[in-house]
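Here the structure comes first, spelled out in structure tokens, and everything after it is commentary.
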Amino acid sequence: MDMKFERVVNSEPFQSHRWRSTLNGLPTVAMSDREYDIVPITPKDSEKVLEHLRKFFFLEEPLNINIKLLGENGDERCPELESYCVGTIPEGLSLMAVSRTGKVIGVSLNGSHEPGHLDEMQSNADNCPNLRFRKILQLLVAVERGSDVFTKFPDVDKLVEVRIISVDSALRGRGIAKALLEKSRELAKQKGYPLFRVDCTSNFSARAVARLGLECVYELRYEDYCKNGQPVFQPALPHTEVKSYVQRLQV
């Protein structure tokens, strides 16, 4: 392990988490001796982060499925999506859960925003060469405008947002996503950001975020987001809306 990583991992916000199970009402017990560490993502980790996303998030995110972003069989690549995912890694705000064998089992890709960023977001969305991914980017712009976070919190001049949260499908329900979100929130607080934000396009992620105590400040039902009188997205149930959650951080 790189020494600068070791110092960060051994600091309080990045302590290891033991996988635990509460299935079928059984007592919470450690699953053998396996553990994972939550560590910062650096640019040199970009490819292994993408390898994880290609196996899980890209194929399972409700909007990706609905518009067949990766083709009919899910075997196509979307360079624009991949670029979007790793684009904020250099900010030093993203985290990954890594097993003792070195496998990436979860990621939280986080980035920062300041007031006045909407024009750039809109331009990036409107000029995206991938027409399918353009739809998703334009939805995110609509949510950004609708949530109007910087107007709702006029004293806030910057925030950290979780852009992608993904966990190995074989290891879900064991608290990995929760740990990644909690550590992302702690890292944002450490770095002096006064507001923490998560936009949830999935019903499952929205429920998980709500349990962490974040406040829902905006929601947009997919049936109400239309172009030419038709909904742009019609994901499978129970994914019926996108929600924006925020929480003030005492810094």
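Based only on Cα atoms, what Rg/Rh ratio does the chain have, Rh being taken as Kirkwood's radius?
0.95
Would you please put 112-123, 140-151 in order of how densely packed they are, using the mean number of other Cβ atoms within 10 angstrom per residue and starting with the highest?
Peptide ranking by packing, descending: 140-151, 112-123.
In this model, which of 178/243; 68/103; 158/183 are farther than 21 Å apart at the alpha-carbon?
68/103
Taking only C-alpha pairs under 8 Å that are 6+ residues apart, what is the relative contact order of the chain in percent?
19
Could you give me the ³J(HN,Hα) list for segment 187-194, computed from phi with Karplus coefficients 6.51, -1.76, 1.60 and θ = phi - 60°, whole Hz, x at Gly and Pro?
5, 4, 5, 4, 8, x, 7, x
Solvent-accessible area of residue 55, probe 1.4 Å, all protein chains present, reported in Å² to the nearest ten, please.
130
Taking the C-alpha atoms of segment 143-251, how large are the radius of gyration and the largest Cα-Cα span, Dmax, in Å?
Reported Rg and Dmax, both Å: 15.0, 45.
Around residue 122, under 10 Å between beta carbons, what's the net of Lys plus Arg minus Asp minus Glu among the other residues?
Every neighbour counted, the sum reads -3.
Charges at C-beta only: +1 for Lys and Arg, -1 for Asp and Glu. How large is the resulting dipole of segment 36-248 about its Cα centre, in Debye rounded to 20?
680
Quick one: accessible surface of residue 101, probe radius 1.4 Å, all protein chains present, in square angstrom to the nearest 10.
For residue 101, solvent-accessible area is about 130 Å².
Using only Cα atoms, figure out Rg for segment 60-133 and give it as a multiple of 2.2 N^0.38 Å.
Working it through for segment 60-133, the quotient is 1.33.
Might you tell me the accessible area per residue for the chain, computed with a 1.4 Å probe and given in Å²?
With all protein chains present, the chain gives 51 Å² per residue.
Would you work out what percent of the accessible area of the chain, with all protein chains in place, is carbon or sulfur (probe 1.4 Å)?
The computed percentage sits at 49.
The values are calculated or read from the model by the stated rules, or taken from the named source; none is laboratory data. Bear in mind the structure is a predicted one, so any value in this text is a computation, not a measurement. Cβ atoms come from the backbone with ideal geometry, glycine included; neighbour counts cover every protein chain shown. To get the accessible areas, we keep the full protein, side chains included, count just its heavy atoms, and leave off ligands, DNA and RNA. Shrake-Rupley method; radii C 1.70, N 1.55, O 1.52, S 1.80 Å.
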